[in-house]
């Protein structure tokens, strides 16, 4: 299919409702951790909910010599451990009939002829009209070569003039810096049109992130307050209690800024600060996100130390258990300067947000696992209550909880019972679990459905990725030239290095410690 035809197909699919079209999901690197822990359990959940079309199938591809049955058996154990709800053996058996496997060395061009034949035969057997999604569940360093092999094998378009689509899903990180991201985009763009490419960020598939659109643009009482006149500052936090979990080699190459801020946090930032899109169509949403990313003020190289603090965890205690320092983790250099914590202050140069600081923070081995967006409003004038026994009034606070408990809470002032006028902060809490009583669709499952439907709204474009790297490249250059720069240490189980407090605007703002 020509690039223009694929774009037209995308627009038709964006108007979709109901079941996605029959398609074949080809997972490269199917014997790896991502497939077992996340992709298959989430797909199994979709199957149980009746959200997959009858013709849907998965073809796992990797070097390991599995049979179809051996592959299904391997994945059954993961689905039992990680799938949503109680495991249902009969449901799994019906789902397993959708799973197939093809052994191939992905670096050997000769193997793609056999892969092409297998794709063609599976599509014919399952009644799939040449709709194929390729998922690059391989190490990022193999993305370019894998896409090149797909192109050489003529798999990026349906054969002949047959109707159908070809789509590519790429996992983060999207490059290591601006130059690397541009090179990767060129490699991918030489084979796939950007409308065919879905750069997946699982954070954007979480229910509360989805609800941010409805919360902002579907409620008349909040959007009028969503600007510099009412908002004092915004904090976006993604904190984890886990360490590097045996991924020392990867983390030594990445670090917190590349692993979390370039993608997860900057995407959340854009969703919070964007203008209302013309519609919920993919390009309209992504156009507004890109405008925000381009409006973020670039930090001059000489002032990076004022806008960013990096940290690395020392040994400490998490949930009553002793944990080692980062430098003592497997495959980590004893003298490593890789950050496991990063906090950055940004500002936006536009009418809505001028003068409002946005604080982005992420870290491993933190005091609590939590992902949240906190909107701190300006304090109300205290004139009426300055002589009460309560003292200083607290500002209103709106927190959008992404995980572990999806929901929203609003803090406001209320009079404490009694004869004296005393204003105390109270919290109004909303959780999805209590309000709707149903478990939300897992993030990967939701995003895979969007790819099947051809809905690109939640997937960053080439321009989005490059805009993010443009913001962070000066930071990365500074630390490459001086690896110990801006790096401080914090005990595991804390909220990060104390030096991060200095990022707060004039000492007025304070980091939340939920």
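So, residue 223, is that one at pLDDT below 95, in the same structural domain as residue 468 (by TED's automatic domain parsing) and in contact with a helix residue (DSSP H, G or I) (Cβ under 8 Å, 6 or more places away or on another chain) or not? Full working, then the answer.
Values: at pLDDT below 95: yes; in the same structural domain as residue 468 (by TED's automatic domain parsing): yes; in contact with a helix residue (DSSP H, G or I) (Cβ under 8 Å, 6 or more places away or on another chain): yes.
Spelling it out, residue 223 is indeed at pLDDT below 95, in the same structural domain as residue 468 (by TED's automatic domain parsing) and in contact with a helix residue (DSSP H, G or I) (Cβ under 8 Å, 6 or more places away or on another chain).
Screening the candidates 251, 313 for the property of being crowded, with 23+ Cβ neighbours inside 10 Å and modelled with pLDDT under 90 yields one hit, 251.
Looking at the range 423-514, the helices (runs of 4 or more DSSP H) lying wholly inside it that each contain 3 or more residues that are surrounded by fewer than 19 Cβ atoms within 10 Å (Cβ to Cβ) and touching a strand residue (DSSP E or B) at 6+ places or on another chain (Cβ under 9 Å) sit at 432-436. In the range 145-160 there is at least one residue matching the filter, namely being touching a strand residue (DSSP E or B) at 6+ places or on another chain (Cβ under 9 Å) and farther than 21 Å from residue 108 by Cβ.
Looking at this structure, is residue 212 part of a helix (DSSP H, G or I), surrounded by fewer than 21 Cβ atoms within 10 Å (Cβ to Cβ) and touching a residue at least 60 places away in the same chain (Cβ under 8 Å)? Reasoning before the result, please.
Working: part of a helix (DSSP H, G or I): yes; surrounded by fewer than 21 Cβ atoms within 10 Å (Cβ to Cβ): yes; touching a residue at least 60 places away in the same chain (Cβ under 8 Å): yes.
In short, yes.
Residue check: is residue 260 under 30 Å from residue 341 (Cβ atoms) and free of Cβ contacts under 8 Å to residues at least 24 places away in the same chain? Talk me through it step by step, then tell me what you get.
On the way: under 30 Å from residue 341 (Cβ atoms): yes; free of Cβ contacts under 8 Å to residues at least 24 places away in the same chain: no.
It is false that residue 260 is under 30 Å from residue 341 (Cβ atoms) and free of Cβ contacts under 8 Å to residues at least 24 places away in the same chain.
Kindly evaluate residue 206 against the criterion of being at pLDDT below 85, under 25 Å from residue 353 (Cβ atoms) and touching a helix residue (DSSP H, G or I) at 6+ places or on another chain (Cβ under 6 Å). Steps first, please.
Values: at pLDDT below 85: yes; under 25 Å from residue 353 (Cβ atoms): yes; touching a helix residue (DSSP H, G or I) at 6+ places or on another chain (Cβ under 6 Å): yes.
Yes: the conditions hold for residue 206.
With respect to the stated conditions, residue 256 fails to be within 19 Å of the chain's Cα centre (by Cα), over 17 Å from residue 177 (Cα atoms), modelled with pLDDT of 90 or more and assigned by TED's automatic domain parsing to the domain that holds residue 478.
Yes or no: residue 272 assigned by TED's automatic domain parsing to the domain that holds residue 219 and touching a helix residue (DSSP H, G or I) at 6+ places or on another chain (Cβ under 6 Å)? Against the criterion (assigned by TED's automatic domain parsing to the domain that holds residue 219 and touching a helix residue (DSSP H, G or I) at 6+ places or on another chain (Cβ under 6 Å)), residue 272 does not qualify.
Table: residues versus (1) crowded, with 23+ Cβ neighbours inside 10 Å; (2) in a helix (DSSP H, G or I).
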| residue | (1), (2) |
| --- | --- |
| 242 | no, no |
| 260 | yes, yes |
| 266 | yes, yes |
| 284 | no, yes |
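Against the conditions (1) over 22 Å from the mean Cα position of the chain (by Cα); (2) modelled with pLDDT of 90 or more; (3) under 20 Å from residue 451 (Cβ atoms), where does residue 164 fall short? Just the number, please. If we test residue 164 against (1) over 22 Å from the mean Cα position of the chain (by Cα); (2) modelled with pLDDT of 90 or more; (3) under 20 Å from residue 451 (Cβ atoms), just (2) comes out false. Determine whether the range 53-72 contains at least one residue that is touching a residue at least 60 places away in the same chain (Cβ under 8 Å) and in a helix (DSSP H, G or I). No, the range 53-72 contains no residue that is touching a residue at least 60 places away in the same chain (Cβ under 8 Å) and in a helix (DSSP H, G or I). Look at (1) part of a helix (DSSP H, G or I); (2) at pLDDT 90 or above; (3) surrounded by 13 or more Cβ atoms within 10 Å (Cβ to Cβ) and you find that residue 34 fails only one, number (2).
Please tell me if residue 371 is part of a strand (DSSP E or B), surrounded by 15 or more Cβ atoms within 10 Å (Cβ to Cβ) and at pLDDT below 95. Full working, then the answer.
On the way: part of a strand (DSSP E or B): yes; surrounded by 15 or more Cβ atoms within 10 Å (Cβ to Cβ): yes; at pLDDT below 95: yes.
Yes; evaluated as a whole, the condition is true for this residue.
Close contacts from the range 500-514, counting a first residue that is at pLDDT below 80 and a second that is surrounded by 16 or more Cβ atoms within 10 Å (Cβ to Cβ) and assigned to a loop (DSSP other than H, G, I, E, B), with Cβ to Cβ under 8 Å and a gap of 6+ residues or different chains, come to 505/357; 509/357.
The values are calculated or read from the model by the stated rules, or taken from the named source; none is laboratory data. Just so it is clear, the structure is predicted and the values come from calculations on it, not from any experiment. Cβ: placed from backbone, ideal geometry, glycine included. Neighbour counts: every protein chain shown.
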